[in-house]
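The values are calculated or read from the model by the stated rules, or taken from the named source; none is laboratory data. On a predicted model such as this, the values are computed, not experimentally measured, just so you know. Note: ideal-geometry Cβ built from the backbone for every residue, glycine included; neighbour counts use all protein chains shown.
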Amino acid sequence: MSDKKTHGVPALLSFFIPGLGQLIKGHIFKAIGIWVALFISGMLVTFVIGLITTPLLWLWQIFDAYNN
C-alpha cells in the first residue's frame, strides 16, 4: 500500500508543479533538467514548436514521477 503512495504522490505533485515529484524522490538533477527544458520549451511557444513540446514535456514528467 505504501508503494502506491510513493508513486502517486510525486505524480500528483508533478501535475501541479512540474519537476516537484522528481525533487521529492531525490532526483535533483532531473528536476532541474525538467525546469530548464520547460523554460526553453515555453520560450519556443513564440515559434509554434513550443505548443507541441511543452505539453509533451509536462505529460512525460508526470509519467516519470509516477514510474521512476
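Observations on the structure shown:
- All conditions in (1) at pLDDT below 95; (2) in a helix (DSSP H, G or I) hold for G26, with the sole exception of (2).
- The range 6-44, subset without any contact (Cβ under 8 Å) to a residue 40 or more places away in the chain and closer than 12 Å to W60 by Cβ, residue surrounded by the fewest Cβ atoms within 10 Å (Cβ to Cβ): G33
- Annotation: of all residues in the range 19-59 being more than 11 Å from the chain's Cα centre (by Cα) and of a type in the set (G, A, S), the one that is nearest to H7 (Cα to Cα) is G26.
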